[in-house]
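Values quoted throughout were computed directly from the atomic coordinates according to the rules given, and no laboratory measurement underlies them. Model, not experiment: these values are computed from the prediction. In this analysis, Cβ positions are derived from the backbone assuming ideal geometry, glycine residues included, and neighbour counts consider all displayed protein chains.
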Amino acid sequence: MTSLSIGQAMDIAWHRGLVEEVTEDQYMQMCAYKTGSVARFAVEIACILAGVSPGVRGKLARFGETIGVAFQIQDDILNLVGDEKLYGKEIGGDITEGKRTLMVVYALRRLEPSKRERLKEILNMHTQDPQLIKEAIGMIKETGAIEYAKKTASNIMQESWREADNVLNESESKRKLRLLAEYLIERSR
């Protein structure tokens, strides 16, 4: 719960402008705390109840944490480019909140100075103006940030799965766990 609270506090501090620059590593750590810690906790409790050795428990817990991080990245992607009817939330809400998502962090590193400042300006406005939100999303998209985030989510999930794959016995449950992991980074809801 402490990690979850720290992650949420980091996220809030960033979109309220209390921190000027956010790095990709900081974003990933925030996700690990905010979203990953819940999944990690659930996996660790299940492992303890099942009597799993500490070494295996650590590998599976890291996989659980990665599921949370990948879920958060995909949720951030959907917030910018998802189908609002499927996603179930307003597209661009993260722009209105001024969130520093992986795509925003990536775009801010790659945009030319005038566009970088414009994106920051829009994020700091906490606007609900559809035109400004569309403008911000356009700048993010032009950097390839959406594709980068999708690839990042896929890569971290694949790396983490390799570790979990080595410690889990072949079973229907293992197959379903793999399908869940794949769904989380490909979902449209």
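Miscellaneous remarks
- Isotropically averaged projected area of segment 1-67, using the convex hull of Cα atoms (one quarter of hull area), nm²: 4.6
- Cross-link reach list, lysines versus LYS99, counting only Cα pairs under 26 Å and skipping chain neighbours closer than eight places: LYS34, LYS85, LYS89, LYS115, LYS120, LYS134, LYS141, LYS150, LYS151
- With contributions of -39500 (n - 2.57) from each DSSP H run of at least four residues, the per-residue ellipticity at 222 nm computed over the chain stands at -24500 deg cm²/dmol.
- In segment 26-105, the C-alpha radius of gyration followed by the widest Cα-Cα span (Dmax) gives 15.3, 46 angstrom.
- Working value for the chain: equivalent-ellipsoid semi-axes of 33, 17, 14 Å, each the square root of 5 times a Cα gyration tensor eigenvalue, largest first.
- Rounded Å value of the spacing that divides the Cα centres of segment 88-115 and segment 141-189: 23
- Highest-first packing order for the peptide set 163-169, 90-96 is 90-96, 163-169, based on the mean count of other beta carbon atoms within 10 Å.
- Packing-based ranking, highest mean first, of 42-50, 170-178, 61-69 given that Cβ atoms within 10 Å are counted: 61-69, 42-50, 170-178
- Under 19 Å from the Cα of LYS174 - lysines, other chains or at least 8 residues apart: LYS59
- The long axis of helix 37-50 is offset from the longest Cα principal axis of the chain by roughly 0 degrees.
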